[in-house]
1. Look through A:Thr738, A:Thr792 and report the one residue that is under 30 Å from A:Ile536 (Cα atoms), within 33 Å of the chain's Cα centre (by Cα) and modelled with pLDDT of 90 or more.
2. Taking region A:247-300 on its own, how many of its residues are β-branched (Val, Ile, Thr), buried (at least 18 other Cβ atoms within 10 Å of the Cβ) and part of a strand (DSSP E or B)?
3. For region A:646-653, state whether one or more residues are closer than 28 Å to A:Gln182 by Cα and among the aromatic types (Phe, Trp, Tyr).
4. In the set A:Ala851, A:Ala857, A:Ala861, A:Ala890, which member is at pLDDT 90 or above and within 30 Å of A:Gln375 (Cα to Cα)?
5. Give the residues of region A:756-788 that are at pLDDT 90 or above and closer than 30 Å to A:Ala103 by Cβ, sorted by residue number.
6. So A:Ala117 passes all but one of these: (1) at pLDDT 85 or above; (2) within 14 Å of another protein chain (Cβ to nearest Cβ). Which condition number does it fail?
7. How about region A:557-586: which of its residues are crowded, with 21+ Cβ neighbours inside 10 Å and over 40 Å from the mean Cα position of the chain (by Cα)?
8. Is there a residue in region B:68-90 that is of a type in the set (Lys, Arg), touching a helix residue (DSSP H, G or I) at 6+ places or on another chain (Cβ under 8 Å) and assigned to a strand (DSSP E or B)?
Amino acid sequence: MRAVWRGLKEQFSRLRGSVARRGFDCEFDEEVEAHLASLTERFVRRGLSPEEARYAARKEFGGVTQITNELRERSRFRPLETLLQDSGYVLRQMRKSPLFAIASILTLALGIGANTAIFTLMDQLILRLLPIKDPQQVVELVAKGDYYGDNMGLNAISYTMYQTIRDHNQAFSFVTCRRSVQLTAMFPSQSDVLSGEIVSGNYFSLLGIKAAAGRVFDSKDDLRPNANPVAVLSYEYWKTRFAGDARIIGRKLLVNNYPLTIIGVAQPGFIGLEPGLPAQLFVPVMTTPALLPHLDFSQMFDPRLRWLNVYGRLKPGKTIESAQAALQPLFHQILQAEVLQPGFEHATAYQKEHFLRMWLGVIPGGQGNSILRRQYEKPLWVLMGVTGFVLLIACANLASLLAARAAVRQKEIAVRLAIGSSRARIIQQLITESVLLAVIGGAAGLALATVLVQSLLAFLPENTTGYSISSSPDLRILCFALGISLLTGLLFGLIPALQGARPNIAETLKAQAASVTGGAAQINFRKLLVVAQIAISLLLLIGASLFIRSLANLHAVNPGFEARQLVQFDVDIGSAGYDLQRGHVFYTELERRLEQLPGVEAAGNASNAVLADSDWESVIKVAGHENKPGENVLAYVNRVSPGYFKTLGIHLFSGRTFRASDTADSPKVVVVSESFARHYFGREPAIGHFMGRGFDPTTPTDMEIIGVVNDIDYQNLRDKDARQVYLCAPQGLELYATVYLNVKGNPRSVLASARRLAHEMEPKAPVTNMKTVEHQLEESLVIERMIASLSTAFTVLAVALALLGLYSVMAYMVTQRAREIGIRVALGALFGNVVWLVMREVIVLVAVGIAVAVPLALGLARSIQSELYGISSSDPKSIGAATILLAGIAMLAGFLPARRAASADPLKVLRYE
Amino acid sequence: MSKGKTPDQKRSEVLQGTLDLMILKTLDVMGPLHGYGIARRIEQLSEDVLQLNEGTVYTSLLRLQQQGWICSSWGASENNRKAKFYSITKAGRKQLLEETENWERIAGVIGKVLEAEGGSR
């Protein structure tokens, strides 16, 4: 250990010496000179002649040159010295053949840039931990298995379960809960729609988040419902909305028509635990009943409603596994207790049994809760794979070029070896060249990546910009780019360097300069690279064609309604302080007046927008229908106004849709979709049957089915969520709605007038998300479109690079064989014979490449099946088309040198030789 | 590369590593010295028993400097020649102490071994 330390100290001192080299060298000389002079004087004093004295001094000193050389040598950091020396040499070489340098740097810049760009997205969307204290200690709790009750959101847990785990677990130092909500802050002149986070009192202490001003919550702020109406602002919102004014603390803020006292501002950069929805306002869980009318006291403490995400901080020494194991007994105690509660009195034995089989999962929580991450994780890995392949192809091209150059340089290398240079030294120099190229290419790639990331961000829909992805590289990205550059340099430089440093010295030196050929090893290596390039490009081509056809399939899907003529926007009347009665009057009047706008054919509204991944599902109980154990009794639910069906162009099969006469006081009515009717009633008419919503068998079945309409794509175009139930707007409890307009002509023409009208009617109700439904549809396909277009772009790049590789190898071979071909032509070989001579090689290379790629493609494609729609990953048409396309253009790339060889004048060739 | 050897066989070659120890000790006892001074001091103490290429003093000095055991600064020698003066550092004193103990232990052991071997004859 000590020896190592000493070695390091010495190397470091040498490194310093190297940097200040000039001065050092002089110092040694001076010192030695002085010593010699003193010795000489001494010998002169002893009576020697100056000449003899000088000689004696030198003898006494020992080899002067050796010593000074040794001192110089020892005072320097060798690797740095040689690196600088080699780099200088390489730069001179580059200046000599700038075309080669530019081509390779460009190739590398594209390859490394693409990888860095995708990595930047991955890092920020998927890999990065939140800016909280020791994020790797923070975990999220997830109840797994068949739940009995209602669920709101991803990984949700009930408040009562949170309380019990918080108070009785042994694994965590803190347990906290939170939920993202949309809130409206009302100011005298306007309203802000805010992204809010409902958090428990210990939230900030668990995450180690301090206050930038005022204070953050502690557990005293979260004791009793509605007892402490307080709020904490995010730093960002404080800066932008209140200009960072500290006097805001202590003031009242009207949120969802409920006054909250601002007590502080969270530290800069903290945006809550859902990075896709950066929180602007934090409120205690106990203000929920006042802020969210649909979550009243009884519901928020109902063990049968899961609505909060629960996070814990592991105690020191605890791991995720040990915490998970330690929590199971407690979790099962809770389940056992819950099953005895009144909420279960009507549950079947089957439901109870499955409920009791649940278990509590512990997952890393340092990245927060993100639906976005789940959506983008797989696609980004796919793209990372694609760009990785592109870089491999670029490496193959460069390796091939370097191998060719090493062959040209063989004479020089042979000379150097012959006069005593070591092979290792030459390999080192050749690798320095490739690594230097890669690092320069990497720097250019890094610049390119910033541009690429910016254009990639344009792909993401507006509602994801909350992620605030930055395109400027930070330290992590720099490290990634540097690492990948070094790796690339080694990857493409190593084999050519090893090959290049092993010429047959005697043979090479004997031969004429012009006839020094690369030798069989070099050509075979380059052919191998071509095969690999063809194989990889085919893989990418097959992938891209699958993605393109999958996207086309999605575009061809008929959503079941007329998307083309529709405009949509959200109006949140609840946040303007309306109650149900007034809210209903408002929406009815809004629709009536919207229909009078020029160009508007029909208007309607729904509580949940279509194609926006709304997940309002409900357990359905149909009168007279016996649920079989394990039967799926869920249906997608939406609450719509009478005008909705006409506006969206949803087709009525039988019965009727809602009318103005269906009010809160009239009998409850529902409209169901075709698939729903078929599931419960088969060929029998569905009209006149009764149903209810709820998992409880005592649920009243008091809703009459009055109509059957066609199935539509409710959540998105991919999932067939066909069983749908429409509730009648006035007969329920929603104070927000998405309004739809069916427009004659260009739907964009009514956007401004519709907004003006809504604002005129109620200035305090914010109008948001105004867009055409076509636009919404495109947004819902954003991931598919991103994969399809990016993989296509990268594939084009990859194929172009591979063809360039094939072309250059064939062109090189043709030059090598010019003499042979010349003789053949002179002896009467026809154009076709010569072309065949070359094409034979091309065909073999391409065929081997394809033979390698197709089975690989079949294997790899299985991993992207989940990203495809309406097409099998082993689709023979896609594979066939890609193969034929690649083979065709590869033949063309090979034919160009073949034709040149065949049409060369044999006389000229032979005379030149 | 062959190192120049003097034909004088009576003088012993300096053991590898012992020169460092001698220089450290010299600097510890004498205070700051230049290379020439160190060579003279060692010559004087060794009473011409040790054969030393004076140049090797400098490689030793560089080595000690790189380990941080001595430091150097430019000054003027007795005859007003510009010279680099070396002085021992704190770490160097510690090292000297350790190395001295080490040396004495080994020397003791070797002495015993040689005596014992001699006795058995």
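The values are calculated or read from the model by the stated rules, or taken from the named source; none is laboratory data. Here the structure is a predicted model, which means the values were calculated and not measured. Quick reminder, even Gly has a Cβ in these numbers, built from the backbone with ideal geometry, and neighbours come from all protein chains shown.
1. On the way: A:Thr738 fails: under 30 Å from A:Ile536 (Cα atoms).
Going through A:Thr738, A:Thr792 in turn, just one is under 30 Å from A:Ile536 (Cα atoms), within 33 Å of the chain's Cα centre (by Cα) and modelled with pLDDT of 90 or more: A:Thr792.
2. Residues of region A:247-300 that are β-branched (Val, Ile, Thr), as a first pass: A:248-249, A:255, A:261-263, A:265, A:271, A:283, A:285, A:287-288.
Okay, now just the ones that are also buried (at least 18 other Cβ atoms within 10 Å of the Cβ), so A:248-249, A:255, A:262-263, A:265, A:271, A:283, A:285, A:287-288.
From the residues that got through so far, the ones that are part of a strand (DSSP E or B) too are A:255, A:262-263, A:265, A:283.
Final tally of qualifying residues: 5.
3. Applying the first criterion (closer than 28 Å to A:Gln182 by Cα) to region A:646-653 yields A:647-648.
Then drop every residue that is not among the aromatic types (Phe, Trp, Tyr), which leaves none.
Scanning region A:646-653 turns up no residue that is closer than 28 Å to A:Gln182 by Cα and among the aromatic types (Phe, Trp, Tyr).
4. Values: A:Ala851 fails: within 30 Å of A:Gln375 (Cα to Cα); A:Ala861 fails: at pLDDT 90 or above; A:Ala890 fails: within 30 Å of A:Gln375 (Cα to Cα).
Of the residues listed, the single one that is at pLDDT 90 or above and within 30 Å of A:Gln375 (Cα to Cα) is A:Ala857.
5. The one that is at pLDDT 90 or above and closer than 30 Å to A:Ala103 by Cβ: A:Ala788.
6. Here A:Ala117 clears every test but (2).
7. Matches in region A:557-586: A:Gly583, A:His584.
8. As a first pass, look at region B:68-90 and keep what is of a type in the set (Lys, Arg): B:81-82, B:84, B:90.
Add one more test, that the residue is touching a helix residue (DSSP H, G or I) at 6+ places or on another chain (Cβ under 8 Å), and what stays is B:81-82, B:84.
Imposing the further condition that a residue be assigned to a strand (DSSP E or B) reduces the set to B:82, B:84.
Checking region B:68-90: at least one residue is of a type in the set (Lys, Arg), touching a helix residue (DSSP H, G or I) at 6+ places or on another chain (Cβ under 8 Å) and assigned to a strand (DSSP E or B).
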